[in-house]
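See below for the structure under consideration.
The values are calculated or read from the model by the stated rules, or taken from the named source; none is laboratory data. Keep in mind that this is a model prediction, so the values were computed, not measured. Methodologically, a virtual Cβ is constructed for each residue, glycine included, from the backbone with ideal geometry; neighbour enumeration extends over all protein chains shown.
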Amino acid sequence: MIIFSERLNGMYRDVRTAIVERNKDVIQELAEKQLAGGADVMDLNVGPAKGDAVEHFVWLARTVREVTDKPLSLDSAKADLLMQVVPRVKEALPDTKLVINSCTAAPRYMEKLLPVAVSCDAAIIGLTMDQDGVPGNVEKRVECGATFIMTALEHGIPIDDIYIDPIVLPVNAAFKQQQFVIEAIRELAIVHDPPPKFIIGLSNVSQKCLMNRLLNRTFLVMCLTAGLSAAIVDAADEELISAMISAEVLLGKELYSDDYIKAWRMQRGLPSEAEPVEV
Amino acid sequence: MPFPDFRQKWTGRINPVTLGATPAEGGTRGRTVTLGGETGIPFLNFDGETPHSPALGLDVLDQAPVGWPGPLQEAYGDVWSDPAAWARRARQLGADLINLRLLSIHPDEGDRPPEAAVETVQAVLEAVDLPLVVWGCDVPEKDQAVMPKVAEAAQGENCLLGAATEGDYRTLAAAAQAYGHKLIALAPCDINRSKQVNILISDTGYPLTDLVIYPTTASLGYGMEWIYSILERGRLAALSGDRLMAQPVILDVGYEAWRSKEARSDDEAAPDWGPIALRGPAWEAATAAALIQGGADLLVLRHPRALETVRRAVTALAAA
């Protein structure tokens, strides 16, 4: 599974303050922790930080780029903002792969953002919703997802660069929606061969829930079984990542060994303790 | 309608592992042999590269073998009490490397001391300029006493030493690393254990890129399919990016094939099976020719005709 790190988000007070004050240390320390946990893509969201959001994004991207060359996901619900941010970040960091997070399947949003993805060679996350809002069922999710996949392909975006987000809602507010997400992934996986990638914003499922971390890792495993390929998560949550790795072993995506967690870390060049050599 | 493109895109690659060292590289070998390097399924050249065809080694024992059937006796009987002479014969027959087994150090097979093993290894190194694979006797205490001495004596020659196992890997890994040799990681018939052994060896600081996997071997008619499926699964994992399975593979085909009754029963015992002179080498060659398609990089063989036949099969598959 591709791990998008969720922690560099202006919704967190420490990140918001660091962005406004241009405090690199705070950002880079958080980024290092996410990377040490196994993050593959750094999701960046300036949130409600006061000031020029475009400049905030460029600064945040440059700051994170100083500690990693992993892809950066630029996260905002505002299409007009992303239209400005993505080309600016691409200009500042031409060698960095970008992910546009996200775009709905409403024609006027796709018309704005798909050309940006093409011109910046960026991947893009399509939400399974349109101008009518978040669907309350499976069918509309599949319809929106299929529309997004086909429209993105028509624009020339390679299937490997297309992510579909079936939109996770909190279990305490919408208890049937979790099953709809899983079913939508199953159905959308057969819309195109090869399928696009499927991604969720995992912590949405447990918003304001007491047992949030348990819910997160349980739901992640359920979605992996349906074919999830990526998730925006706290990569520093060891239990979550261990559950994810275990699921991938059980699904046959990773080869089992007794030290399979350690093996997974070794594959990614993450630190694992070496014993001294004796001759 | 255009023909659909079935080519696979692989992200992984089998590690290239070079055995032997020429004088320019600090050794005395006349040539080196590189295993691995594949970027796709074996022999599917449209899928990925197979830059190095499987290497073929011939067996040399450090003392005259007991109970080897007629065809092997005809091929080596006149030289097999002298490992150096036997190695020269193997070279003449076209082996890419010499597979030397230190059987006589085994407590039940002579219990010869480390010094005797060192002498044998040095004699073989002087007799032929091919890269060398050297196996201990699979008794941990004895191998721990012998193999570091052998490794030291062969320093600079970039040999392949065997075999590190889950229960006994530290000494051999340390010796191989200290004296610059490659290492065989053995896990019998179990791909998950194979991955685990590689993790354990890697933990000692020995580089994963210098390992060769030995999943053990089974002959045609004796579970070859199981080994084949292990080869396949390992190769698919490696090509999909699992660096803990990206090691080239060695198979001990000659030893296994000649244990089978189909290969070793003489003409009197099996009058309906065709002459052993043909049947034995054919059994060995058939086993090898099947297994290379699962993904094997170094085959240890015994009979000269098996070597010839497998060489032809490898050449034909590589050209296809």
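Which ones in segment B:162-180 are crowded, with 22+ Cβ neighbours inside 10 Å and either more than 14 Å from chain A (Cβ to nearest Cβ) or in contact with a Gly (Cβ under 6 Å, 6 or more places away or on another chain) (or both)?
B:Gly162, B:Ala163
Out of (1) surrounded by fewer than 23 Cβ atoms within 10 Å (Cβ to Cβ); (2) in contact (Cβ under 8 Å) with a residue 40 or more places away in the chain; (3) in a loop (DSSP other than H, G, I, E, B), the odd one out for A:Ala105 is which?
That leaves (1) as the condition not met.
Based on what the data block shows, is B:Leu211 away from chain A (no Cβ under 14 Å), closer than 23 Å to B:Ala55 by Cα and of a type in the set (A, V, I, L, M)?
In short, no.
How about segment B:122-223: which strands (runs of 3 or more DSSP E) wholly inside it have at least 1 residues that are among the small types (Gly, Ala, Ser)?
B:160-164, B:182-186
Looking only at segment B:223-240, filter to residues that are farther than 23 Å from B:Trp10 by Cα and among the hydrophobic types (A, V, I, L, M, F, W, C); which one of those is farthest from the other protein chains (Cβ to nearest Cβ)?
B:Met224
Take segment B:57-73 and flag every residue that is in a helix (DSSP H, G or I) and in contact (Cβ under 8 Å) with a residue 60 or more places away in the chain.
Scanning segment B:57-73 gives B:Gly70, B:Pro71, B:Leu72.
Against the conditions (1) crowded, with 21+ Cβ neighbours inside 10 Å; (2) without any contact (Cβ under 8 Å) to a residue 24 or more places away in the chain; (3) touching a Gly at 6+ places or on another chain (Cβ under 8 Å), where does B:Glu49 fall short? Just the number, please.
If we test B:Glu49 against (1) crowded, with 21+ Cβ neighbours inside 10 Å; (2) without any contact (Cβ under 8 Å) to a residue 24 or more places away in the chain; (3) touching a Gly at 6+ places or on another chain (Cβ under 8 Å), just (1) comes out false.
Residues are listed down the side, and each one gets a yes or a no for (1) surrounded by fewer than 21 Cβ atoms within 10 Å (Cβ to Cβ); (2) in a helix (DSSP H, G or I); (3) within 14 Å of chain B (Cβ to nearest Cβ); (4) modelled with pLDDT under 95:
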| residue | (1), (2), (3), (4) |
| --- | --- |
| A:Leu224 | no, yes, no, no |
| A:Ile232 | no, no, no, no |
| A:Ala235 | no, no, no, no |
| A:Leu240 | no, yes, no, no |
| A:Ala247 | yes, yes, no, no |
| A:Met266 | yes, yes, yes, yes |
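Could you pull out the residue among A:Leu251, A:Leu270 that is within 13 Å of chain B (Cβ to nearest Cβ), in contact (Cβ under 8 Å) with a residue 24 or more places away in the chain, exposed (fewer than 14 other Cβ atoms within 10 Å of the Cβ) and not polar (S, T, N, Q)?
It is A:Leu270.
May I ask you to say which residue of B:Leu61, B:Leu19 is under 30 Å from B:Glu262 (Cβ atoms) and surrounded by 20 or more Cβ atoms within 10 Å (Cβ to Cβ)?
Result of the check over B:Leu61, B:Leu19: B:Leu61.
With the structure loaded, tell me whether B:Pro69 is on the phi < 0 side of the Ramachandran plot and not assigned by TED's automatic domain parsing to the domain that holds B:Thr120 or whether it fails that test.
no
Looking at segment B:245-259, is at least one residue within 14 Å of chain A (Cβ to nearest Cβ), surrounded by 17 or more Cβ atoms within 10 Å (Cβ to Cβ) and assigned to a helix (DSSP H, G or I)?
yes
Can we say B:Trp273 is over 30 Å from B:Arg13 (Cβ atoms) and assigned to a helix (DSSP H, G or I)?
Judged against the criteria, B:Trp273 is not a match.
Only one residue in B:Leu183, B:Leu220 is within 14 Å of another protein chain (Cβ to nearest Cβ), crowded, with 23+ Cβ neighbours inside 10 Å, in contact (Cβ under 8 Å) with a residue 24 or more places away in the chain and under 30 Å from B:Gly40 (Cβ atoms), so which one is that?
Only one candidate qualifies: B:Leu183.
Sort through B:Asp203, B:Asp210 and tell me the only one that's outside the structural domain of B:Val300 (by TED's automatic domain parsing) and touching a strand residue (DSSP E or B) at 6+ places or on another chain (Cβ under 7 Å).
B:Asp210
Do we have A:Pro87 as at pLDDT 95 or above, outside any helix (DSSP H, G or I) and under 30 Å from A:Ala31 (Cβ atoms) here?
No; evaluated as a whole, the condition is false for this residue.
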